[in-house]
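Student: First, the structure itself, so that you have it in front of you.
The values are calculated or read from the model by the stated rules, or taken from the named source; none is laboratory data. All values derive from a computational prediction rather than experimental measurement. A quick note on method: Cβ atoms are made from the backbone with ideal geometry, for glycine too, and the neighbour counts reach across all protein chains shown.
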Amino acid sequence: MNVRARNGTLEGKTALITGASRGIGAAIARDLSAHGAYVVVNYRTSQAQAQDVVDEVQAAGGGAEGRQCDVSKMASAQDLFAQLSQSGHGVDILVNNAGIARDRSFRKMADDQWNDVLQTNLNGAMYCTRFAVENMAPRGYGRVINIASIVGQIGAFGQTNYAAAKGALVSFTKALALEVARYGITVNAICPGYIGTGMWDAIPADVRAEIVENIPMRRVGEPQEVASCVRYLVTEGTYITGQAINVNGGLYRGG
């Protein structure tokens, strides 16, 4: 048992956060770094934004680097993990946060809109988890956190592709947890509701107001509130695995 991790510190641990150049991913990177982890800030195209996160972490005294990878491509994910292993930063904590949206009503949705979302949001998480688990299992320790969504639980108009991917990610989490628990690896999903990111800001103001009215806490969440949940699961939550944890202000209260 890792006593330091149980005490809430992550010194000596390497955390890879996919899609970490902004929003929830960036908040997770900052938070895990503040608790001692060396963070790998993954991005696909937003190099400048990822570097801003790295610079911020380093300015605060933490260790960080940016790494480009398109997680939707298996070869790209494999290269990323090989590079990290060669540099002495085998992944102890994987946060599968990378995701895209291609919203369209189902009857008008093109095949590429469906396939692109599932390839990134579901298969991308699977690729990264596959390579991470191969590194974690021999060491007898690992933490995998899949960032799912309330949309995968209750659906959303125009998001059949996104809902399918995020719902499947929760099922993947539960099944994988059974297989890897024997290796000291925990696997959990977090299902955020509406969070104050750029995606939220892009919603028309009148629609946002209507959404907030339906949230029992009468506000949207902050990226840091998701990051705090991630941190708990990778530090104190040593006996939690196979769970989907809601961070949604009470908007959805199911399991």
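Student: List pairs: first in segment 151-179 and in contact (Cβ under 8 Å) with a residue 24 or more places away in the chain and surrounded by 15 or more Cβ atoms within 10 Å (Cβ to Cβ), second acidic (Asp, Glu) and assigned to a loop (DSSP other than H, G, I, E, B), Cβ under 8 Å, 6+ apart or cross-chain?
Tutor: Gly158/Asp103; Gln159/Asp103; Tyr162/Asp103
Student: In segment 166-214, which residues are within 16 Å of Ala148 (Cα to Cα), at pLDDT 95 or above and in a helix (DSSP H, G or I)?
Tutor: Within segment 166-214, Lys166, Gly167, Ala168, Leu169, Val170, Ser171, Phe172, Thr173, Lys174, Ala175, Leu176, Ala177 qualify.
Student: Considering only segment 78-114, how many residues are farther than 22 Å from Tyr183 by Cβ, within 20 Å of the chain's Cα centre (by Cα) and in a helix (DSSP H, G or I)?
Tutor: Residues meeting the conditions: 1.
Student: Let me ask another. Among the residues of segment 166-213, count how many are hydroxyl-bearing (Ser, Thr, Tyr) and either over 17 Å from Val247 (Cα atoms) or in contact with an Asp or Glu (Cβ under 8 Å, 6 or more places away or on another chain) (or both). Give the derivation first.
Tutor: Pass one, segment 166-213, residues hydroxyl-bearing (Ser, Thr, Tyr): 171, 173, 183, 186, 194, 197.
If we keep only those that are either over 17 Å from Val247 (Cα atoms) or in contact with an Asp or Glu (Cβ under 8 Å, 6 or more places away or on another chain) (or both) as well, we get 171, 183, 186.
Count: 3.
Student: For segment 32-73, give me the residue count where each residue is surrounded by fewer than 16 Cβ atoms within 10 Å (Cβ to Cβ), touching a residue at least 12 places away in the same chain (Cβ under 8 Å) and among the aliphatic types (A, V, I, L, M).
Tutor: Within segment 32-73, residues that are surrounded by fewer than 16 Cβ atoms within 10 Å (Cβ to Cβ), touching a residue at least 12 places away in the same chain (Cβ under 8 Å) and among the aliphatic types (A, V, I, L, M) number 1.
Student: Name the single residue, out of those in segment 199-255 being surrounded by 14 or more Cβ atoms within 10 Å (Cβ to Cβ) and among the small types (Gly, Ala, Ser), that is nearest to the chain's Cα centre (by Cα).
Tutor: Per the criteria, the residue is Ala227.
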